[in-house]
Structure formats: C-alpha cells, structure tokens
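The values are calculated or read from the model by the stated rules, or taken from the named source; none is laboratory data. Values in this document were obtained by computation on a predicted structure and should not be read as measured data. No Cβ is skipped: glycine too gets one built from the backbone with ideal geometry, and neighbour counts run over all protein chains shown.
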Amino acid sequence: MAIPVKLQVFEGPLDLLLHLIDKNKIDIYDIPIVEITEQYLAYIQQMKQEDLNITSEFMVMAATLISIKCKMLLPKEIDEDGEELDPREELVQQLLEYKMYKYMSYELRERMREASQTFFKKPTIPKEVSAYKAPVDTSGLLDDLTLQKLHAIFQDILKRQEDKLDPIRSKFGQIEQEEVSLPEKLDYVEQYALKHKKFTFRSLFHKKSSRTQLVVTFLAILELMKSGKILISQEHLFDDIQIESLV
C-alpha cells in the first residue's frame, strides 16, 4: 500500500528552486545544476503521481534546467573579453530577483497584519469644551512694543513674502492671449480686398495697431499673394505697398 505524501504548494518554478536551494543549503551563486535538476524532476514526477495540476511554467523550467545541465557538460564558452560564460548566470539572476520580491511580500504582509490590529478612538470631547476659547487681554497685547520691534516684525513679513517668490519663474513675462490668429486675418484681408479692389497696406490697420497685428497681417498678405488672389506692388523703396484684388 502506498504511503500518501502531502506536497508543499509552490507559487511557481522559481519558488520550487528556492525551496530546493534552501533545503540543501546551497550557495545560490554556485548551484550544482546536476543535483538540483534531479531533485526538481523528482518533484515534478511526484506531482504527477499525486494527480496535481502541473502548469506549463514548471515544465518550461524543467527543460531550462536540462538545457543548462547539457551546457555544463560541454566545453565552456568564452566571451569577447576572454572570460568564461556561466550557463547558470541568467537563472541565478532570476532567482535573486524572485527572492527579493518574495521577502518584500512577506514584509508587506506583516505590516498589513500589524495595521489591522491598530484601532483609533474617535475624539469624544464635549462640544462645550471644544468651543471654549481662553479670554484674551487686549490691553496687554501692545506691552513692551516699540517702534524698533514693530519695524523688525515688518521686515520679517517682507522677507517671508520674498522667499515665496520663485527666483526664476517670477522673472517670466506674462503670457497673454494672441490678439488675432492668421486664419482670422486671412479672412479679413480677403474680404477687404473683395470690397475695395485696390488699396494700400497701411489702410488695413487701425491707428493703434500692435506689432503682432502688423506681423500677422503681413503674413496674410503673403499667403493671399501666393494663392493668386491679390497682387502687390511698390513703386519706390519705403513707399507704401499697393494691393490689388485679382478675384
């Protein structure tokens, strides 16, 4: 009659490998791959006998261990620096990372357990007590207050206001909304040209037009000239620009 064996449940193949390494007190940086592979495969076989569900991850790890075992039997590979490559290096790195995260989960679980045992008592101060305010003697507030002390207090307040200012951002100019967009100015100039047929560039502006208005209007003139809707001319240098509608 077979003796029933209760197997420990592992979260994954790395968890099983860590269990075997700790059980055999093996240096994780120098894993005897042959011994670990045999124990790992024996555990997989025992899982099959107990009719437990074996996930593909356990089978993939078994294939990985066998592959590393085969590489250990072959002549060692040499990298570009002339150093020997260890086939176990990637597996060791995965085990170290998994071990770190596993211990972190233990720490978080312990903190959650401790936090669940902490209770806070809500304040039960009577309203009369919480609403009570100690009387203030206004006659004694200005005792020993001199002009020198008052000046020091004022300077301290100014200093605190200066400390609140960002030395870099405070020097930035104010961001203002664009006065007019190019599409809006294009529509305006086109309608103006259809109405007046022939006019000067200066007539497009009001008396107090800004530099932004000037630049955007000039760009609109160039765009309309490019599209063949207007024709511009200038008889002499620095003369006013003449605009003629071609539509």
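Quick look at the values:
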read-out: Residue check for Lys48: modelled with pLDDT under 80 and not in a helix (DSSP H, G or I); value: no
read-out: Residue pairs meeting the criteria (Cβ under 6 Å; at least 6 apart or on separate chains; first among the polar types (S, T, N, Q) and outside any strand (DSSP E or B), in the stretch 232-247; second surrounded by 10 or more Cβ atoms within 10 Å (Cβ to Cβ) and at pLDDT below 85); value: Gln234/Ile241
read-out: Identity of the residue in the stretch 82-128, under 26 Å from Ala62 (Cα atoms) and aromatic (Phe, Trp, Tyr), that ends up surrounded by the most Cβ atoms within 10 Å (Cβ to Cβ); value: Tyr98
read-out: Residues being surrounded by 13 or more Cβ atoms within 10 Å (Cβ to Cβ), in contact with a strand residue (DSSP E or B) (Cβ under 9 Å, 6 or more places away or on another chain) and of a type in the set (Gly, Ala, Ser) - total across the stretch 210-247; value: 1
read-out: Leu182, sole failed condition from (1) modelled with pLDDT under 75; (2) surrounded by 12 or more Cβ atoms within 10 Å (Cβ to Cβ); (3) not hydroxyl-bearing (Ser, Thr, Tyr); value: (1)
read-out: Output for the stretch 91-122, where each listed residue is in a helix (DSSP H, G or I), basic (Lys, Arg) and more than 30 Å from Lys69 (Cβ to Cβ); value: Arg109, Arg111, Arg113
read-out: Residue ID - farthest from Leu85 (Cα to Cα), chosen from residues in the stretch 15-41 that are β-branched (Val, Ile, Thr) and assigned to a helix (DSSP H, G or I); value: Ile21
read-out: Meets criteria (among the charged types (D, E, K, R), free of Cβ contacts under 8 Å to residues at least 60 places away in the same chain and surrounded by 13 or more Cβ atoms within 10 Å (Cβ to Cβ)) for Lys69; value: yes
